[in-house]
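Below you'll find the structure, written out as structure tokens, and then a few comments.
Taken together, the values in this text are just the output of simple stated rules run on the coordinates, not laboratory data. All of these numbers come straight from a predicted model, not from anything done at the bench. Note that each Cβ is placed from the backbone with ideal geometry, even for glycine, and that neighbours are counted across all protein chains shown.
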Amino acid sequence: MDELFSCRNCIHNCGQSLLIGRGAGYCVKHDTVLFYPERTTCKYLHRKDLPRFVVDEGLREHASEFAGFSGIADLVEHKPIERLHYSEKFAWERKQFDPINQSLAHYHKTKPTWIFLQAMSGGIDGRRALTHASLIRRYMDNCGTWKSSYRFVLAMIQELPRTPYFPEEDLNSDDVVLNAEIREDAIWDVFFTRLSGIQEYGFHSGIETLMWATDQLNGSLTALDWSGLSRELNVKSSEWTDLIIAHATDEGAFFPPHAQWEDFEEFESL
Amino acid sequence: MTPKPPDYFRRDQADGVTAPDLSKDCSYAEHIVRARGKRTQLTSVSLDPQKINDFGPALYRALRPDIDGDGHTIIEHLELLQHLRVSAELNEKEERVRALQAQRYAKRRQEGLVKWNFSLGGIDRKNLISWAFQNVQKYFRRA
């Protein structure tokens, strides 16, 4: 199941997951279009589906396997893949324009980048929700601190109980018969990307309750019953919001009087 | 009369089934989500060859009588799902997180597992992968 180690399952290819987003992807890390995201990878892979700290042994092994490549490589054949910068003209000419890829290609041109993250928040579009959660996770990982990310994580927690919506063309399957099943499963792709982000925030901030947020969710999660879990999340998201605000307040980081959010910008690079 | 057990399949590279890493003992959930890397002591198989296209271009059928006869074990798909469900219910922290996600993957792929029970006495650890490669091929046939 090497697809778990592909660009499809990486937070740097923000707009796709195993079940979401057809065709080409876009890697914010390498600033390149990904024509075959299920076939490519790199040593910086950061999995979407699980918090980094529960799969770190596998990620270290993978990084070692692809250490000899400076950029993207073929997952199976271990050959380098040439970097290809995004071109809007090319996308239109090939009839491959994709609004999420278009936005992501401009991510590093947005200064400060946290404005880009905030602009992605809200709404029920499933692919956009996936992109938002992935961007928050890579921002938090690059900064290496919770202090610059708590506002984004708070925003993400408010969206956790909402059911994402997927138009047919956003599901990674051409099989119309299977699409009802995949549509349901795609909700879980978004949910676990978000929840893993909350758990990674728990890791950075040292809030163990969030680090093991899965232990706070009961039967509906184990049964993968989205309707039941969604109701449970309405309660939990409120508790987790209070917890993050209380922790940030205690640490003197909750909207301090003279904070300049642009100060954090220096942390967010490639 | 006992019903015939179901067939299991594996997709892999044309030159053979990927060798398990018999030195890497891990839980079913760790194996399914690849938490400890791409090779473990287990080998994934599926009831449905259409559900595992990303495993590789070549399709193999697991030879159940040989696997069972030589003392290895097939963890049936339903048994695996039940195990993961219990693991997700009863465990905490890392193992619960992995079991939750493993349930999804195992269900989607109709996955079962082969648990190898080779006698490894006298085999040099550094040769274990190539030894395993040679020894698991006889349990699969190109379909």
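Counts of other chain beta carbons within 10 angstrom of each beta carbon in peptide A:55-61 average 5.
From most to least packed by mean Cβ count within 10 Å, the peptides B:59-67, A:89-97 give B:59-67, A:89-97.
With neighbours defined as other Cβ atoms within 10 Å of a residue's Cβ, the residues A:THR40, A:THR131, A:THR110 order from fewest to most as A:THR110, A:THR40, A:THR131.
Between A:TYR36, A:GLY197, A:GLY21, the Cα set farthest toward the positive side of the dipole of the protein assembly as shown (charges on each charged residue's Cβ, about the Cα centre) is that of A:TYR36. Among the listed pairs A:LYS79/B:LYS38; B:LYS4/B:LYS115; A:LYS48/B:LYS107; A:LYS29/A:LYS111; A:LYS79/B:LYS138, which are separated by more than 22 Å between their Cα atoms? Violating the 22 Å limit, Cα to Cα: A:LYS79/B:LYS138. At what distance in angstrom do the alpha carbon centres of region A:13-73 and region B:36-68 lie from each other? Their Cα centres are 23 Å away from one another.
Each Lys and Arg Cβ is given +1 and each Asp and Glu Cβ -1; about its Cα centre, region A:2-250 then shows a dipole of about 1000 debye. Computed from backbone phi, the HN-Hα couplings of region A:243-248 come to 4, 5, 5, 4, 5, 5 Hz, rounded to whole numbers (Karplus: 6.51 cos²θ - 1.76 cosθ + 1.60, θ = phi - 60°; Gly and Pro given as x). Charged side chains reduced to their Cβ positions (Lys and Arg at +1, Asp and Glu at -1) give region B:9-142 a dipole of some 400 debye around its Cα centre. Going from the fewest other Cβ atoms within 10 Å to the most, the residues A:HIS258, A:HIS132 appear in the order A:HIS258, A:HIS132. Ranking A:HIS78, A:ALA91, A:ILE245 by how far each Cα lies toward the positive end of the dipole of chain A (charges on Cβ) leaves A:ALA91 at the top. Residue order for A:LYS48, B:LYS107, A:LYS79, fewest other beta carbons within 10 angstrom first, comes to A:LYS79, B:LYS107, A:LYS48.
For the peptide B:92-105, the mean number of other protein chain Cβ atoms found within 10 angstrom of a residue's Cβ is 6.
Dipole of the protein assembly as shown computed with +1 at Lys/Arg Cβ and -1 at Asp/Glu Cβ about the Cα centre; of A:MET120, A:LEU233, A:PHE254, farthest Cα towards the positive end is A:MET120.
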